[in-house]
1. Specify the residue that is modelled with the lowest pLDDT; the eligible residues are those in segment 143-179 that are over 19 Å from I116 (Cβ atoms), under 17 Å from the mean Cα position of the chain (by Cα) and buried (at least 19 other Cβ atoms within 10 Å of the Cβ).
2. Going through segment 45-73 one residue at a time, which ones are touching a residue at least 40 places away in the same chain (Cβ under 8 Å) and surrounded by fewer than 16 Cβ atoms within 10 Å (Cβ to Cβ)?
3. Going by what's in this entry, would T190 be described as buried (at least 23 other Cβ atoms within 10 Å of the Cβ) and more than 24 Å from P331 (Cα to Cα)?
4. Which residue, of D223, D250, is charged (D, E, K, R), open to solvent by 30 Å² or more (accessible area, probe 1.4 Å) and free of Cβ contacts under 8 Å to residues at least 12 places away in the same chain?
5. How about segment 146-228: which helices (runs of 4 or more DSSP H) wholly inside it have at least 1 residues that are within 17 Å of D250 (Cβ to Cβ)?
6. For a quick check of your reading of the model, give me the residue pairs whose first member lies in segment 96-120 and is open to solvent by less than 10 Å² (accessible area, probe 1.4 Å), whose second is basic (K, R) and modelled with pLDDT of 95 or more, with beta-carbon atoms closer than 9 Å and at least 6 apart or on different chains.
7. Just for segment 74-90: of the residues that are small (G, A, S) and either out of contact with any Ser or Thr (no Cβ under 9 Å at 6 or more places or on another chain) or open to solvent by 20 Å² or more (accessible area, probe 1.4 Å) (or both), which one is nearest to G317 (Cα to Cα)?
8. Assess whether V240 counts as being among the hydrophobic types (A, V, I, L, M, F, W, C) and at pLDDT below 95.
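The values are calculated or read from the model by the stated rules, or taken from the named source; none is laboratory data. Everything numeric in this text was worked out from a predicted model, so none of it was measured. For neighbour counting, all protein chains shown are included, and Cβ atoms are generated from backbone atoms with ideal geometry for every residue, glycine included. What goes into the accessible areas is simple: the full protein's heavy atoms, side chains included, and nothing from ligands, DNA or RNA. Shrake-Rupley method; radii C 1.70, N 1.55, O 1.52, S 1.80 Å.
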Amino acid sequence: MKILGIEPSCDDTSVALDDSERGVAESLVSSQVDLHDHFGGVVPELASRAHLVNLLPLVDYLLERQELRLKDLDGVAVTAGPGLIGALLVGLSTGKALCAAADLPLVGVHHIEGHILANALTADMVLPAVVLVVSGGHTEVVYMPEVGKYELMGGTLDDAAGEAFDKTAKLLGLPYPGGPHIDRMAEKGTPGRFSFPRPLQKDPRIVFSFSGLKTAVRVVVDDLPRPLDEQTVADVSYEVQEAIVDSLCDRLLRAARRKHVAAVYLAGGVAANGRLRSRVAEEAAARNLHFTPPERVYCTDNAAMIAYAGWCHFAAGRRDTLDLDSFPRKPLSSWR
């Protein structure tokens with residue numbers, strides 16, 4: 001079964017082919033980092049216009065590389081949401097048009113399910129599991145007894161962890177996107193020079209809060225002499241990263257204890273963070289929990305995860321009609 005995946009929910013245009021015989025045959029991404037770098041963040045209207053320009057040529061290029069025609073496909077999977085509504089509409093409209101032109105079935109995929117199932121692209125998932133979904137727009141813990149069944153155990157009360165990384169990077173004068181630069185600078189940091197809060201540590205709920213941490217970082221950074229030297233940037237990066245990772249690991253492991261699961265997983269762009277991956281690996285091993293981090297190439301937004309999720313939907317007999325709507329926000333829910 002050959003499934004075309006389309007993922008344009010934010011600032012990357014991506015298409016992929018999932019072949020049931022070969023897994024992910026190919027995944028292509030057209031990055032918009034240079035387009036948005038000048039603004040220090042994603043400009044939704046610019047992102048939508050770039051998707052309009054890039055998406056169909058990317059589909060054509062993928063099919064050409066795979067020596068396929070549109071009618072050789074068995075279905076199209078496209079991100080229905082959540083995300084930037086203009087970007088989502090470009091992707092969904094394109095997916096519908098391709099399906100109408102070649103009489104192909106369509107399935108809409110929830111963006112968070114795609115990130116979760118990215119863990120299955122290179123290794124079989126051990127279930128039941130709890131998954132920490134952590135990115136620039138999402139920080140939540142999902143219980144997953146099987147593919148297609150999901151329970152949201154909790155999430156952030158204000159800002160996402162990825163946003164805290166990016167805002168810290170901006171305060172420190174690091175390039176956009178900031179998360180990878182914080183990760184890199186933290187490796188050179190000296191522990192103990194700064195101290196930042198770990199909010200809600202005593203709260204029994206599976207919840208996160210990063211707005212107070214962002215404020216604390218701003219207060220500290222604003223009081224530092226200018227220009228900031230490299231060691232100071234490294235030291236702040238180190239302590240901010242430790243504070244965020246402590247909060248994330250604490251809630252993930254708390255959720256694992258409550259559900260008595262066999263495994264824990266990471267998903268989303270922040271799942272590529274080296275410190276988070278190593279801490280979860282250490283904590284999981286100490287508790288005899290299975291943990292295999294997703295490959296970094298599949299942590300950020302990509303169509304491979306959407307194509308595979310779509311393959312799971314089609315394999316289970318699920319389809320959507322061409323009146324499927326996109327949505328900027330909606331919790332992940334079970335479909336099986």
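1. P177
2. Listed by number, the residues that qualify are E45, D72.
3. On the way: buried (at least 23 other Cβ atoms within 10 Å of the Cβ): no; more than 24 Å from P331 (Cα to Cα): yes.
The answer is no for T190.
4. D223
5. Working: elements: 161-171, 179-186, 211-222.
It comes to 161-171, 211-222.
6. Taking only residues 6 or more apart or on different chains, the pairs are L106/K96; L106/R319; V107/R318; V107/R319.
7. Per the stated criteria, the residue is G75.
8. It is false that V240 is among the hydrophobic types (A, V, I, L, M, F, W, C) and at pLDDT below 95.
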